[in-house]
Amino acid sequence: MSDEATKNPFQAARSYIIDSIHSEFVGPLIENDLLTENPVTRYAAGMLFPVNYEGRNDSPPTQDQKLDGENDLASATGDFDIEDSSTGLANSFFPSVLGISFYCLGKDPVLNVRTEWTTYSKIDPKESYVYINELPESILQIEEFKSNFKIKDGKLFITAEDIYFDVAKIISEKSGDEKIKSILEVAIARFRSGSVWTNTKASRTIAIDPSFKWQKIAEGLELICDRKPSEDGQLTLYTIAIKNTQPACSNGMDEEHVLFNVSVSVTTGEEQDLFSEYSSSPLFNSDNEEQSLALLYRNRKTYAVGHGCAANWERRKDSQNAYKVFTKSLPFYEVPQSDFDIPGLDTKTLSMQFLSSEGAVNSRQIVDKLSEFCTLYKTWIEDLSKTTLTKDFSEVAARHIGLCNEIHSRMTEGITILAKNNTAMDAFKLANKSMLMQSLHSTLQKEKRVSDGNPVNFPDYNSELAGERKWRPFQLGFLLLSIKGIIDPASDDRKIVDLIWFPTGGGKTEAYLGLSAFTVFYRRLNHLGQHAGTAIMMRYTLRLLTAQQFQRACTLICAMEKLRRQAPEKLGDDEISIGLWVGVDSTPNTMDQAKQSFDEFITGTSDKNPSPLLSCPWCGTKMLIEEGRGRRSYAYKTKVKSKTSPTRATLFCFERSCEFNDRLPILIVDEEVYETPPTLLFGTVDKFALMPLQKGVSKLFSANPENKNLPPELIIQDELHLISGALGTLVGIYETAIDYLCSRKGIQPKIIASTATVRRAAEQCRNLFNRETRQFPAPGIDISDSFFSKETPLEKKPGRLYVGLMPSGKTQTTASIRLSASLLHTVATMPFDDNIKDKYWTLVSYFNSIRELGGFISLLYDDIPLYANALKQRYGGMMRHIAIEKELTSRKSAEEIPEILEDLSVGYPTRGTIDVLSATNMLSVGVDIDRLGLMVIRGQPKLTSEYIQVSSRIGRKFPGLVVTLYNSARTRDRAHYERFRTYHESFYRNVEPSSVTPFSRPARARALSAILVTLFRHGLANSEYNGEEGASLFKPDLPGIKELQEYIFNRVKSIDSEEAQSTMVDFKKLLQDWMIFIESNNGKVVYRNDKQGIPVVRRSDNAGGGLWMLPTSMRNVDAECNIDIKDE
């Protein structure tokens, strides 16, 4: 990429890094460059070896064989799937063939094939040199320079008979030029080395006519052509390959018979556009989603596939065919960023400050501006209808346009409601005001301040700067279309799942936070007296995602609470709060546990912080202060329980001028969450497995008989793609109970889901939630434009750059060592400012398993530093020491994760900057660190959704670089490498469908009993059933049991009708088993506490008896056992 005209220093730095990867693995970018090590050992990609290279006799082991061991090498040279006989050897550990396949229009057209390669040969070290620009006269006149060096034709030679490295130091000190020292050291190293190799580039262009099959194009090098014309003669399938036919010598590296930096390019005689699409999916099977994808990606075509290499092509803008296809040993593809600018839209429309303006006049202006927004969308939809498409595509496009019109109608309805319903308009303005405050205070938090008496620079919400805080169009559009479904529980909008589908980093979180604010304010304005309790349930799947998103949500809740305090007569006296409801490993379950945990943490007895917050979510003041000698201060206090109020675990801010110096509206203890249900319940899906086990769950759903509050009205499921497989199946069956409890009072909750990567979303949501789904934004007719966002042209704004590397002749361990060391060294020594280096300083290394990660960490402190030192000797410059390495995996405790995320924000050259972050799939969601710009993915992840999510952590604000290190011994890795451009050009299309079967037999066996207990304990509106002894009151003929049975039957019939009858058989058996259990224990039955009676819920160790072992998590193993392995 060295010849690309970069437009900003970040792109230039990124190109510099890619050039270094090319030089390290493929070969030099210039001819006649010198090596002081064997090129076979040095390079690892784009190489063709002599035939039977791996079968040489008496050949000494290479350095990577010594490093990796015989077993690793053996696994890498095992059997492979051969795609094509002519390129059969292209996929071996030591490939001797590479090639490319493509379709060409016509029968046997004449093609021009250009092949390029590089060879190496030894020279006398005394004749070695380094390239150098002109040196200043002050250096040329130094005696040590004149007596040891000379410059000729831009090359620096050594003239002395012998020379030592001290000479370079002396010349550098006398000249005062630090850079000359590195250059002279490289020259001296080459001069003193035992061997030096130089390269020679070669090329050959061959015209291939219909009679061509193969031809010798150089000594030991053959060009092979295989063609298969179609029956109608309109297309010809070609496979062009280049083969190293030289026999391997019996020993040594045989470097003079190895070809390097090999490439093949193919054009037609006059560079006509004759290369046709290589493959296309069937236009039009009966599957609506496949038809939609075919329409959306119809302009993302594949024109070639590589064999042992990647394939690429060049196509003119207005042509359907390519005019050139070629191979790439180091392929790259830049995925564009999203552009949120809408031509003709007054940016004032998106201003949170404007949309929160008070007064009737301003309300009319708001409605007018929002209407203009909708008009632009309508015009865009009408323009879609004018697009000329084939008949089949037209039918699909019509369906898409219908969905867009539905979105437009819902947005328009929302605006109409705002115009006519003053309460809705007031809630809308308050939601915008709170989101404006959240945005400004999120920026304030980045200062990482301590309470030291200095004033806090609190933002002015009416300032011009605040006026620049704007919605992205899709966020505002989503808020508008959701209004009717929130204010009208009987509307059809309430009954569907609205799925926010948007690329990672696009702002989905802000979209549903804005809707959350509107929901809470409307509930309080319109239902004062019934407004308290939990209004929103926000659910996540991973604790890492929970930790960072929780901070964002806390800031919004603080903003909303501040607004409530200013108008309690309208918004109620009850606090607007947020409660964290996650596993016991993350937060305390009881007040006693909380007090003990905080006491131990503050005194230094324990390093486990019971709270996930490290700083105030309002002003950013640190809540944790290290006092030294193991002691700490944390912004936490308890208020003793009295007759009128319960004991509270209070988080507060140390800053006296902060609005929340006395108390933050944040609950982190389960006991307190049950006692005073938060406005927004923020938890993981796993926690809902405790519904049948906890008495206090009734209050979360306002299901206890004396509770007059409305039940939760909004459920938000983030990262929907993770709710699949076994986890999704259990979530789906528990959703049966959640939906029932939320709907008990006749008000069905609105459900929102969000994701960046999902397939078969409609089917997944139906199985999870028993509802229809609408995707937002609705698809247009091309994936690059949904009106609400467009792909940004790369010349306007750089995207995220993906680079593929599949080493040959080197094992994965060796390649990983060299790639890591090279990237670390290159970033440290590249000629850019520290601010630019910072964005690539932290190397994020992603692994598909903890086992692979563990092996890499051991290399970080052994082999990688050794190779980094070799790079210093080779190129000069500083030695990059790995001072700080962190990991994000399941091995990290809940309290460590927020600290790691905070440490990641520390930028170079500040002390404490992380050098290497090693991670598994915990990284794939919830990590939003702007400065991260460099990643290595080691091996193609099993799921495309994971690949997209992981790599999207990089380059969120600055041009990012992702290097995927493929393993040539894995068929799946090779397939992705050989189709690198095809995959990255449309990888959202390659996302795998999700599978959810909530009422399958294994799911029922595991959790149907939990649903029965949950619905009986919390769903029958009888406080006697809620306590521990309520389990003894169960009878199959109790009022309400039949209703539960019918409810479950109808839900199963709607989701999976084939399982409906079987589910009823199982359910009735559970009813009978419970009754028999009560009778056999003389009615002394409780739910869980075996100190009060015989528990229905059996413990995992079977102690205390019990009827059913209910899940305590939706993903973890509930019972453990020991296995003794005995030798026979």
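The values are calculated or read from the model by the stated rules, or taken from the named source; none is laboratory data. Computed from a prediction, not measured in an experiment: that's the story for all the values here. Note: ideal-geometry Cβ built from the backbone for every residue, glycine included; neighbour counts use all protein chains shown.
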- Item | Whichever residue in the range 94-138 is small (Gly, Ala, Ser) and not in a strand (DSSP E or B) and, among such residues, is surrounded by the fewest Cβ atoms within 10 Å (Cβ to Cβ) | 138
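Working only within the range 300-322, note down all residues that are crowded, with 19+ Cβ neighbours inside 10 Å and in a loop (DSSP other than H, G, I, E, B).
301, 302, 303, 304, 308, 309, listed by residue number.
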- Kindly check whether there is at least one residue in the range 728-745 that is assigned to a loop (DSSP other than H, G, I, E, B), surrounded by fewer than 24 Cβ atoms within 10 Å (Cβ to Cβ) and assigned by TED's automatic domain parsing to the domain that holds residue 509. yes
- Item | Which listed residue is touching a residue at least 12 places away in the same chain (Cβ under 8 Å) and over 24 Å from residue 1026 (Cβ atoms), from 1090, 1056 | 1056
- Note on the structure: Taking first residues from the range 618-634 that are within 24 Å of residue 577 (Cβ to Cβ) and second residues anywhere that are of a type in the set (Gly, Ala, Ser) and assigned to a strand (DSSP E or B), the pairs with Cβ under 6 Å that are 6 or more apart or on different chains are 622/615; 623/615
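Among the candidates 249, 225, single out the residue that is touching a helix residue (DSSP H, G or I) at 6+ places or on another chain (Cβ under 9 Å) and closer than 19 Å to residue 274 by Cα.
Selected residue: 225, the only one of 249, 225 that is touching a helix residue (DSSP H, G or I) at 6+ places or on another chain (Cβ under 9 Å) and closer than 19 Å to residue 274 by Cα.
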- Item | Filter result for residue 751 (in the same structural domain as residue 484 (by TED's automatic domain parsing), surrounded by fewer than 22 Cβ atoms within 10 Å (Cβ to Cβ) and under 26 Å from the mean Cα position of the chain (by Cα)) | no
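Can you find a residue that is at pLDDT 95 or above, part of a loop (DSSP other than H, G, I, E, B) and out of contact with any Ser or Thr (no Cβ under 7 Å at 6 or more places or on another chain) anywhere in the range 419-428?
Yes, there is a match, as at least one residue in the range 419-428 is at pLDDT 95 or above, part of a loop (DSSP other than H, G, I, E, B) and out of contact with any Ser or Thr (no Cβ under 7 Å at 6 or more places or on another chain).
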- Query: Residue check: is residue 642 at pLDDT below 90, under 21 Å from residue 549 (Cβ atoms), part of a loop (DSSP other than H, G, I, E, B) and out of contact with any strand residue (DSSP E or B) (no Cβ under 6 Å at 6 or more places or on another chain)?
  - Reply: no
- Does residue 870 fit the bill of being more than 27 Å from residue 38 (Cβ to Cβ) and small (Gly, Ala, Ser)? no
- Tally of residues being in contact (Cβ under 8 Å) with a residue 12 or more places away in the chain and either of a type in the set (Gly, Ala, Ser) or not in a loop (DSSP other than H, G, I, E, B) (or both) across the range 193-215: 16
- Within the range 156-169, the residues that are in a helix (DSSP H, G or I) and crowded, with 16+ Cβ neighbours inside 10 Å are 167, 168
- Query: Just for helices (runs of 4 or more DSSP H) wholly inside the range 957-1044: which have at least 1 residues that are over 33 Å from the mean Cα position of the chain (by Cα)?
  - Reply: 1001-1019, 1023-1026
- Message: Which residue is surrounded by the most Cβ atoms within 10 Å (Cβ to Cβ), if the candidates are limited to the range 170-194 and must be among the aliphatic types (A, V, I, L, M), closer than 16 Å to residue 873 by Cβ and more than 44 Å from the chain's Cα centre (by Cα)?
- Response: 184
- If you go through 440, 436, the only one that is assigned to a helix (DSSP H, G or I), assigned by TED's automatic domain parsing to the domain that holds residue 658, more than 25 Å from the chain's Cα centre (by Cα) and free of Cβ contacts under 8 Å to residues at least 60 places away in the same chain is 440
- Query: Has the range 403-415 got any residue that is over 31 Å from the mean Cα position of the chain (by Cα), closer than 20 Å to residue 362 by Cα and free of Cβ contacts under 8 Å to residues at least 12 places away in the same chain?
  - Reply: no
- Confirm whether residue 726 is under 22 Å from residue 1048 (Cβ atoms) and either at pLDDT 90 or above or out of contact with any strand residue (DSSP E or B) (no Cβ under 9 Å at 6 or more places or on another chain) (or both). yes
- State which residue pairs qualify: first residue part of a loop (DSSP other than H, G, I, E, B) and inside the range 515-536, second residue of a type in the set (S, T, N, Q) in any location, beta carbons under 6 Å apart, and separation of 6 or more residues or different chains. 530/709; 532/709; 533/702; 533/709; 535/679
- Task: Among the candidates 769, 776, single out the residue that is within 21 Å of residue 403 (Cβ to Cβ), more than 22 Å from the chain's Cα centre (by Cα) and at pLDDT 95 or above.
- Result: 769
- Message: For residue 477, only one of the following conditions fails: (1) in a loop (DSSP other than H, G, I, E, B); (2) among the small types (Gly, Ala, Ser); (3) modelled with pLDDT of 90 or more. What is its number?
- Response: (1)
- Message: For the range 907-930, give me each residue that is surrounded by 22 or more Cβ atoms within 10 Å (Cβ to Cβ), under 11 Å from residue 842 (Cα atoms) and hydroxyl-bearing (Ser, Thr, Tyr).
- Response: 918
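Taking the condition of being in a strand (DSSP E or B) and among the hydrophobic types (A, V, I, L, M, F, W, C), how many residues in the range 746-786 meet it?
Residues in the range 746-786 being in a strand (DSSP E or B) and among the hydrophobic types (A, V, I, L, M, F, W, C): 4 in total.
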- Task: Can you give me the number of residues within the range 878-906 that are part of a loop (DSSP other than H, G, I, E, B), buried (at least 19 other Cβ atoms within 10 Å of the Cβ) and not basic (Lys, Arg)?
- Result: 2
- For the subset of the range 1094-1110 comprising residues that are modelled with pLDDT of 90 or more and assigned to a loop (DSSP other than H, G, I, E, B), which member is nearest to residue 729 (Cα to Cα)? 1110
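Kindly indicate whether residue 379 is in the same structural domain as residue 525 (by TED's automatic domain parsing), over 18 Å from residue 483 (Cα atoms) and not in a helix (DSSP H, G or I).
no
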- Among residues belonging to the range 654-694 that are in contact with a Gly (Cβ under 6 Å, 6 or more places away or on another chain) and in contact (Cβ under 8 Å) with a residue 60 or more places away in the chain, point out the one that is nearest to residue 538 (Cα to Cα). 681
- Taking the range 577-596 and the residues there that are modelled with pLDDT of 85 or more and surrounded by 21 or more Cβ atoms within 10 Å (Cβ to Cβ), the one that is farthest from residue 683 (Cα to Cα) would be 594
- Item | Residues that are touching a residue at least 40 places away in the same chain (Cβ under 8 Å) and of a type in the set (Asp, Glu), drawn from the range 356-371 | 358
